[in-house]
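The values are calculated or read from the model by the stated rules, or taken from the named source; none is laboratory data. Small disclaimer: the values here were computed from a predicted structure and weren't measured. All Cβ positions, even for glycine, are placed from backbone atoms using ideal geometry, and neighbour counts span all protein chains on display. Just the protein is used for accessible areas: all its heavy atoms, side chains included, with ligands, DNA and RNA removed. Shrake-Rupley method; radii C 1.70, N 1.55, O 1.52, S 1.80 Å.
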Amino acid sequence: FLRCETLFLHGPAVRLRASLRSPRNRLALPLAPPQNKPDDFDVWRLPDDDSVQKVTVQKDTMVPNAVTLVIEREDHTVGNLLRMELLEDKEVLFSGYRVPHPLEPAIQLKVQTKSEDPGPVKAVDTAIERSVATLDKIGEAFAKAKARH
């Protein structure tokens, strides 16, 4: 058990802190581990047995030239990066992503293009290549700036 204490050191909080510390008024809270939180190792690393694919493509049957890519073990960082890069493509009509649940380490990226050629999967591939090129330029600029200082 852990005794509850406040961290504020001024005003009414000082009186609250003193009253909680007195032997008559002990407030005990049990320390319970988070129940729903998955292990950090499992959240960001794919299993070694290939039971989970990094990317799965689901063709949308209701919307023409659209797919939903489920990208495992990624979060808003990759989702927003790909979404913004896809929106720069003139062939892309729609690009958006969502995280189905905060405790599920995956994103769903939906892409719709104007035509089947190049298609949504090719548009995502191009967006990834452009993102890598941009990050390479940022890395080079950082290295130059670091060398100057």
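Worth a mention:
- Accessible-area order (highest first, 1.4 angstrom probe) of the listed residues Thr113, Thr126: Thr126, Thr113
- Here the simple spin-label model places points 7 Å from the Cα toward Cβ, and for Ala106 and Arg45 these points are separated by 2.1 nm.
- All lysines inside 19 Å of Lys90 as judged from Cα atoms, apart from same-chain residues fewer than 8 positions distant: Lys110, Lys114, Lys122
- Phe142 accessible area, 1.4 Å probe, all protein chains in place, Å² to nearest 10: 140 Å²
- Of the GluC sites (Glu not before Pro) in the stretch 67-136, the ones in a loop by DSSP (not H, G, I, E or B) with at most 12 other beta carbons within 10 Å are Glu88, Glu116.
- Restriction of the trypsin sites (Lys or Arg not before Pro) in the stretch 66-146 to DSSP coil positions whose beta-carbon has at most 10 other beta-carbons within 10 angstrom yields Lys90.
- Applying 1/(1 + (r/R0)^6) with r as the Cβ-Cβ distance of Lys59 and Thr134 and R0 = 35 angstrom yields a FRET efficiency of 0.75.
- FRET efficiency for the pair Ser115 and Val52, taken as 1/(1 + (r/R0)^6) with r the Cβ-Cβ distance and R0 = 30 Å, rounds to 0.40.
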